[in-house]
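Notes for the one structure printed next.
The values are calculated or read from the model by the stated rules, or taken from the named source; none is laboratory data. All figures in this text were calculated on a predicted structure; none of them were measured in a lab. Positions of Cβ are backbone-derived with ideal geometry, glycine not excepted, and every protein chain shown enters the neighbour counts. These accessible areas exclude ligands, DNA and RNA; they are computed on the full protein's heavy atoms, side chains included. Shrake-Rupley method; radii C 1.70, N 1.55, O 1.52, S 1.80 Å.
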Amino acid sequence: MSTTTSTSTTMAPAPTSALNVSRTTATAARVLRQLRHDPRTIALMILIPCVMLFLLRYVFDGSQRTFDNIGASLLGIFPLITMFLVTSIATLRERTSGTLERLLAMPLGKGDLIAGYALAFGALAIVQSVLATGLAVWALGLDVTGSAWLLLLVALLDALLGTALGLFVSAFASSEFQAVQFMPAVIFPQLLLCGLFTPRPNMHPVLEGISNVLPMSYAVDGMNEVLKHTDVTADFIRDVLIVAACALLVLTLGAATLRRRTA
């Protein structure tokens, strides 16, 4: 009896905690293969921000200046929202289908798993950000004082932040409908308080204090820095570092939520 117990124990290796490049890239490749067979999800991630920017440009067809003022901010917000939605739903689908359950039973670290998902969705975020930035600057005539490459950098970080938030909230939803319900709780307050509709110093002091700890506020601030300044400013560097740090923090929290749901 003791021999049997010992054998069964050695056949179920514990997941490793160290981040492994090969395991991470293998996970990312698996996710990308699955997404390849879901063209609607790919279209949502890549095309919707471009469509929204196109509509926005011609909503303000008689006021190019208005489009210039808010277009840069929305260039960062649209990728964040779409990546949040798609990532939360796609990850939840893998949780409910038992895929994550089976992966967690393998010698695969939580860090490898969450990093693999982030890498896969991040690759699509790069495509999304390049297309949206190129459309806004070169096709729709978005007038920015700084470099378009800096706009692309902030848009990419915003998309990665949306990916991280989507991975994180998927742990707290039991259905795709519940995952969508997290959007009003996670995204809408940031959208209202990020400074898009009014400068943050003009808000009530309590709301201004809340906005100062929300990552979308710094995403909008970073875009506005590129809009107004030709050079890289200290404020721009601060904004970029805060958005990147928030994405990394949320990814770490997302890894902590990965667990077996059955005994």
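Among the candidates Asp231, Asp235, Asp221, Asp239, single out the residue that is among the charged types (D, E, K, R) and open to solvent by less than 20 Å² (accessible area, probe 1.4 Å).
Result of the check over Asp231, Asp235, Asp221, Asp239: Asp239.
Please specify each residue of the range 167-215 satisfying the condition of being hydroxyl-bearing (Ser, Thr, Tyr) and under 20 Å from Ala72 (Cβ atoms).
If the condition is that a residue be hydroxyl-bearing (Ser, Thr, Tyr) and under 20 Å from Ala72 (Cβ atoms), then Thr198, Ser211 are the ones that fit.
Tell me yes or no: at least one residue of the range 149-157 is in contact with a Lys or Arg (Cβ under 6 Å, 6 or more places away or on another chain) and hydrophobic (A, V, I, L, M, F, W, C).
Within the range 149-157 (the criterion being in contact with a Lys or Arg (Cβ under 6 Å, 6 or more places away or on another chain) and hydrophobic (A, V, I, L, M, F, W, C)), the answer is no, since none of the residues qualifies.
Within the group Leu193, Leu207, which residue is at pLDDT 90 or above, more than 29 Å from Ala115 (Cβ to Cβ) and open to solvent by 50 Å² or more (accessible area, probe 1.4 Å)?
Leu207
Cβ-Cβ under 6 Å, sequence separation 6+ or interchain: first residue in the range 75-89 and farther than 19 Å from Leu196 by Cβ and assigned to a helix (DSSP H, G or I), partner open to solvent by less than 10 Å² (accessible area, probe 1.4 Å) and basic (Lys, Arg). Which pairs?
So the pair list comes out empty.
What is the residue count in the range 169-210 for residues that are part of a loop (DSSP other than H, G, I, E, B), more than 21 Å from Leu227 (Cα to Cα) and small (Gly, Ala, Ser)?
Residues flagged as part of a loop (DSSP other than H, G, I, E, B), more than 21 Å from Leu227 (Cα to Cα) and small (Gly, Ala, Ser) within the range 169-210 amount to 3.
Does Leu124 fit the bill of being assigned to a helix (DSSP H, G or I) and of a type in the set (A, V, I, L, M)?
Judged against the criteria, Leu124 is a match.
Looking only at the range 48-62, count every residue that is open to solvent by 40 Å² or more (accessible area, probe 1.4 Å) and either free of Cβ contacts under 8 Å to residues at least 24 places away in the same chain or not in a helix (DSSP H, G or I) (or both) and tell me the total.
Number of matching residues: 7.
Count, please, the residues in the range 63-95 that happen to be open to solvent by less than 30 Å² (accessible area, probe 1.4 Å) and more than 26 Å from Val169 (Cα to Cα).
4
May I ask you to list the residues in the range 149-163 that are open to solvent by 20 Å² or more (accessible area, probe 1.4 Å) and more than 14 Å from the chain's Cα centre (by Cα)?
Trp149, Leu150, Leu152
Please work out if Gly166 is touching a residue at least 24 places away in the same chain (Cβ under 8 Å) and open to solvent by 10 Å² or more (accessible area, probe 1.4 Å).
no
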